[in-house]
Amino acid sequence: MTVEIQHPDDKETPTRGTRHSFPLDRWYVAALSKEVKAEPLGKTLLNEPVVMFRTEDGQVHALEDRCCHRFLPLSSGTVEATGLRCGYHGLLFNGEGKCIEIPGQDKIPSRAKIHRYVVKEQDDIVWIWFGSEITSEPANEPPPYPIHGDPRYYFDGDVYHYDAPYQLVHDNLLDLSHLGYVHLKTIGGNAKIHMNAPMEVTQDGESVKVVRHMLDSAPPHTYSAAYPFGESIDRWQEIVFYPSHLEIWTGAVDHNSESVRDPQRGGFHMRGFHGLTPETEESCFYFWTMASNPSSNVDEIMEKVIAQTKFTFDEDKEVIEAQYRNMKRFPDKKSIDIHVDVAPNRARRIVSSLIKA
Amino acid sequence: MTVEIQHPDDKETPTRGTRHSFPLDRWYVAALSKEVKAEPLGKTLLNEPVVMFRTEDGQVHALEDRCCHRFLPLSSGTVEATGLRCGYHGLLFNGEGKCIEIPGQDKIPSRAKIHRYVVKEQDDIVWIWFGSEITSEPANEPPPYPIHGDPRYYFDGDVYHYDAPYQLVHDNLLDLSHLGYVHLKTIGGNAKIHMNAPMEVTQDGESVKVVRHMLDSAPPHTYSAAYPFGESIDRWQEIVFYPSHLEIWTGAVDHNSESVRDPQRGGFHMRGFHGLTPETEESCFYFWTMASNPSSNVDEIMEKVIAQTKFTFDEDKEVIEAQYRNMKRFPDKKSIDIHVDVAPNRARRIVSSLIKA
Amino acid sequence: MTVEIQHPDDKETPTRGTRHSFPLDRWYVAALSKEVKAEPLGKTLLNEPVVMFRTEDGQVHALEDRCCHRFLPLSSGTVEATGLRCGYHGLLFNGEGKCIEIPGQDKIPSRAKIHRYVVKEQDDIVWIWFGSEITSEPANEPPPYPIHGDPRYYFDGDVYHYDAPYQLVHDNLLDLSHLGYVHLKTIGGNAKIHMNAPMEVTQDGESVKVVRHMLDSAPPHTYSAAYPFGESIDRWQEIVFYPSHLEIWTGAVDHNSESVRDPQRGGFHMRGFHGLTPETEESCFYFWTMASNPSSNVDEIMEKVIAQTKFTFDEDKEVIEAQYRNMKRFPDKKSIDIHVDVAPNRARRIVSSLIKA
């Protein structure tokens, strides 16, 4: 805003990044549907402050989070039937970012408008398009996530804010061998089995898939709480990475009861959606849902599944934020790769090439 | 202080502004009289750390907030009959900034002195002179504010610290149309009436005056609580801006009972003093008092007036600090003016020309 | 760490100092022995993040606080019999900094190692060597501190973190005249006596010694609480500064009962060890112990001595941190020396010449 504020030194203005630090011309997760309610929802995404709101017709809209008049964040305003009203002088903006009312003034200047983001709500997820040009329109549809509409599954989820770059969360999710150390108390189970399970890593364009099977292992606490397993189970972990999100399908059947390679396998399933959207270069939002298929006591078991998932993700967040703080204390050191880094490194190369493009 | 402290990088020293970021050769409010009591009072004003204290003779003094020996802030020292004593090694400074005692040392070096600011206490306000040269003496008297001594009025006040530049508070006070949105619950009343009331804006040298009348409007909560109004009132708002402070005279009479243009009008009066003194380029102190003329139940009504005023000013502070945080998130965007900006823009032009001068 | 994190601006990486801001090729205090227990202990020393841990054989080890794989701080890992295991993927490091296990991987790359610091535990103090070259080995033994093993004395201590450079604590400890103002309520006693007591300052290489005697003075609270003094005492204060620590031997005998210059004098003794280790240019750790010689009610008196010492050191910390904050508000001003600055200034010259060397 260019009212005459004197700064002692331009360097005091926080250095701001741009969307161009990240892969563009694609959809990112902006919110879980359940987040966009009666109140406006403000978030910085890819370095840009965005406000989301839902009009009376049920549509979700996303605008620049700034009144064009005196720059109050519109996320501190109020949602009305047809738009979002600023809490300072009452300017009203519609879903296209156009100011449609200036209280006490007849004429609305044509410049009284703010940037409108393209959003699409689909599968209980609000997706937002970030193009390489700020005005570019979507070139495709958001990725489908049919699990949220699949009658076999129940799901819930949450949003975590990370004081760490989104790619550190990619690393973490693509490498489930950390379960044995970080998540010993919950989904971990036997550390050695985790570390020794062979991994199949394949790449398909912008996507990386990791498959691991851990046969004849002890059921971890979460699993036992949710499903009547015997003493030994065969577990599978299938991770699919996309630049905007990961899908992680884990589960187990009783040991030797059926093939863990059969996509129609039964047993206990946990299907995680993990949307990672940069907030800035140094922070991100982690939108997740966990879907499962309890055969009885659904409410109770889903409550346990979600509680355990949260507990686990809290453990991850603590580790990853500590990791990032420490990375900044050692800016000049190089890291050593180990066997678990194959998939994370492929994902990093993909993201890196998308940024350069 | 030039003891040998090693800094890894000069940039780590916080970038400091100077008084020259602000209009100079004028008086600013340094404190309300009631703030300067038995304890020393430290504040940064126009980027300069100042300590104020009152000696036994009742005089208020203002010094650089720094012992010349080892730089302990004198505001953490103790006030004595004739000066201010440092809490580290006991050096005693008089109101002129001269060190008059070094415990354990007979000779006091002539260099043992610190900067003395010119302050003048008048009308229950402590004014401080900031010249374009640090040693320059006042060229005039502080502005009078006789309301504080007027027997018809009772008043009280407070000091708010803002994490926002002082000019954003100017904007806010010069544009009372925000009352309908920001202060709906207190002094607001009907938003449309506020926004549609015609404004008369006049300028006289460094001063801007705004007059608005809102006839036949519903009495807001604050007014009804303080005065036995009927169902409809005629309100006036008279705002006078000076670079160092604003005077806002608002009030009401019962609808059509007498002229709101008569300076001798009766009814309910609220006369606000609003001293805005920059702390830094990005923060300020807001010294305010509110005077009123209740005809009965004085204590009770004044308590309500002050409580409602505080509530209102809390609302303003929240909005303005949010605005400033958001301005910094959009450093490159330009603002759009609307009808309410006439007076604020004149005030900005005045301040801007005073800084250039 | 050089995974591909994009920074909007290199300046966002915090400016990091190096060990070369401080005197090198010497031992610093890294910890009191009692700090190194079952959990790993992380501290930044001379700008370098260090983790300390004690293996089953009782040895204390110190490593770079960083897993070579993904940079999780090892101080958030777990101590095992023979080493320290990372909490992310379970890499195990021995006391030499060599990775001796990568779970799930047979071959351990030779590059999988981190910096090992030379530490030596002696007299209940853990000393760490900082050489001018990172790999340089100690050229001498850590300084002895036999008081901790002397059967005549009982001691306890603590570690304080200071948001102030270590040399400001040197200044404070070398100048006991501040007792009369900062510590009036505890060890202070009469301010004028403190300030007027003659000081003998002598230098011997890198060491500065200050001796003061305060004859015929009133016993301060701490002393009276710990020892059955009469109405008047003869006090001594002997301070010896070394670049890594100070030894302060204070105490008192009943007035005129024996010579305060006799090293074999009786009475009440307080022998302080004060290890000052820079954390960064702007912060430090203050490791202290206080030893005393109560003749009866040992537990009760030692508890009082330690409690009073803590109370006193809390007062110092408050003053010194306020001083440093204020020094940064006046970056361009020069300080004035007074009579108490002789010894602090000598110590500063020693440190300064050691840094240049």
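The values are calculated or read from the model by the stated rules, or taken from the named source; none is laboratory data. Note that the structure is a prediction, hence the values are computed from the model and not measured. Backbone-built Cβ (ideal geometry, glycine too); neighbour counts: all protein chains shown. Quick note on the areas: whole protein, heavy atoms, side chains included, nothing else; ligands and nucleic acids left out. Shrake-Rupley method; radii C 1.70, N 1.55, O 1.52, S 1.80 Å.
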Q | Subset of the stretch A:78-91 [of a type outside the set (Ser, Thr, Tyr) and open to solvent by 10 Å² or more (accessible area, probe 1.4 Å)] | A | A:VAL79, A:GLU80, A:ALA81, A:ARG85, A:GLY87
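Yes/no per residue for (1) open to solvent by 10 Å² or more (accessible area, probe 1.4 Å); (2) at pLDDT 90 or above; (3) within 11 Å of another protein chain (Cβ to nearest Cβ); (4) not in a strand (DSSP E or B):
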residue	(1), (2), (3), (4)
A:THR2	yes, no, yes, yes
A:ILE5	yes, no, yes, yes
A:GLU39	yes, yes, no, yes
A:THR44	yes, yes, yes, no
A:GLU56	yes, yes, no, yes
**Q.** For A:SER75: the one exception among (1) out of contact with any Leu (no Cβ under 9 Å at 6 or more places or on another chain); (2) of a type outside the set (A, V, I, L, M, F, W, C); (3) within 27 Å of B:LEU173 (Cα to Cα)
**A.** (1)
(Q) Among the residues of the stretch B:319-339, are any surrounded by fewer than 16 Cβ atoms within 10 Å (Cβ to Cβ), without any contact (Cβ under 8 Å) to a residue 24 or more places away in the chain, assigned to a loop (DSSP other than H, G, I, E, B) and not acidic (Asp, Glu)? (A) yes
Q) Could you say whether any residue in the stretch C:335-347 is modelled with pLDDT under 95, outside the structural domain of C:TRP27 (by TED's automatic domain parsing) and over 22 Å from B:HIS89 (Cα atoms)? A) no
Q.
I'd like the full set of residues that are in contact with a Gly (Cβ under 8 Å, 6 or more places away or on another chain) and open to solvent by less than 30 Å² (accessible area, probe 1.4 Å), limited to the stretch B:22-37.
A. B:LEU24, B:TYR28, B:VAL29, B:LEU32
Q: Go through the stretch C:197-231 and count every residue that is open to solvent by 80 Å² or more (accessible area, probe 1.4 Å) and more than 25 Å from the chain's Cα centre (by Cα).
A: 6
(Q) I need the full set of residues from the stretch B:232-267 which are aromatic (Phe, Trp, Tyr) and open to solvent by less than 40 Å² (accessible area, probe 1.4 Å), in order please. (A) B:TRP236, B:PHE241
Q | Tally, over the stretch C:102-159, of residues that are among the hydrophobic types (A, V, I, L, M, F, W, C) and more than 30 Å from C:HIS69 (Cα to Cα) | A | 5
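Run down B:ASP65, B:ASP9 and say which single residue is at the interface with chain C (Cβ under 9 Å from one of its Cβ atoms) and at pLDDT below 95.
B:ASP9
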**Q.** Pair list, Cβ < 6 Å and 6+ apart or interchain, from the stretch B:292-318 residues that are assigned by TED's automatic domain parsing to the domain that holds B:ILE248 and in a loop (DSSP other than H, G, I, E, B) to residues that are at pLDDT below 95 and open to solvent by 70 Å² or more (accessible area, probe 1.4 Å)
**A.** B:ASN293/B:ARG152
Q) Considering the stretch A:202-220 alone, what residues qualify as being farther than 24 Å from A:ARG26 by Cα and touching a helix residue (DSSP H, G or I) at 6+ places or on another chain (Cβ under 6 Å)? A) A:MET214, A:SER217, A:PRO220
Q. Do we find a residue being modelled with pLDDT of 95 or more and surrounded by fewer than 18 Cβ atoms within 10 Å (Cβ to Cβ) anywhere in the stretch B:281-300?
A. yes
(Q) Being under 19 Å from B:LYS43 (Cβ atoms) and either in a loop (DSSP other than H, G, I, E, B) or aliphatic (A, V, I, L, M) (or both) is the requirement here; does B:ARG70 meet it? (A) no
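The rows are residues; the columns are (1) outside the structural domain of B:ASN172 (by TED's automatic domain parsing); (2) assigned to a strand (DSSP E or B); (3) over 19 Å from B:VAL305 (Cα atoms).
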{"site": "B:TYR223", "(1), (2), (3)": "no, no, no"}
{"site": "B:GLY230", "(1), (2), (3)": "no, no, no"}
{"site": "B:GLN237", "(1), (2), (3)": "no, yes, no"}
{"site": "B:VAL240", "(1), (2), (3)": "no, yes, yes"}
{"site": "B:GLU247", "(1), (2), (3)": "no, yes, no"}
{"site": "B:VAL253", "(1), (2), (3)": "no, yes, no"}
{"site": "B:VAL260", "(1), (2), (3)": "no, no, yes"}
Q: With the checklist (1) out of contact with any helix residue (DSSP H, G or I) (no Cβ under 8 Å at 6 or more places or on another chain); (2) farther than 22 Å from B:THR44 by Cβ; (3) away from chain A (no Cβ under 14 Å) in hand, flag the one item B:GLU318 doesn't pass.
A: (3)
Q) Quick one: which of B:VAL340, B:VAL298, B:VAL253, B:VAL305 is hydrophobic (A, V, I, L, M, F, W, C) and within 12 Å of chain A (Cβ to nearest Cβ)? A) B:VAL340
Q) Does the stretch B:302-314 include one or more residues that are of a type outside the set (Asp, Glu), under 26 Å from A:ILE114 (Cα atoms) and surrounded by 14 or more Cβ atoms within 10 Å (Cβ to Cβ)? A) no
(Q) Whether any residue in the stretch A:125-133 is outside the structural domain of A:HIS61 (by TED's automatic domain parsing) and touching a Gly at 6+ places or on another chain (Cβ under 8 Å) is what I want to check. (A) no
Q: Could you please give the count of residues in the stretch B:84-105 that are more than 9 Å from chain C (Cβ to nearest Cβ) and either on the phi > 0 side of the Ramachandran plot or modelled with pLDDT under 95 (or both)?
A: 1
Q: Under 7 Å between Cβ atoms, at least 6 apart or on separate chains: pull out the pairs that start in the stretch B:166-183 with a residue that is under 11 Å from B:GLN323 (Cβ atoms) and end on any residue that is assigned to a helix (DSSP H, G or I) and among the hydroxyl-bearing types (Ser, Thr, Tyr).
A: B:LEU168/B:TYR324
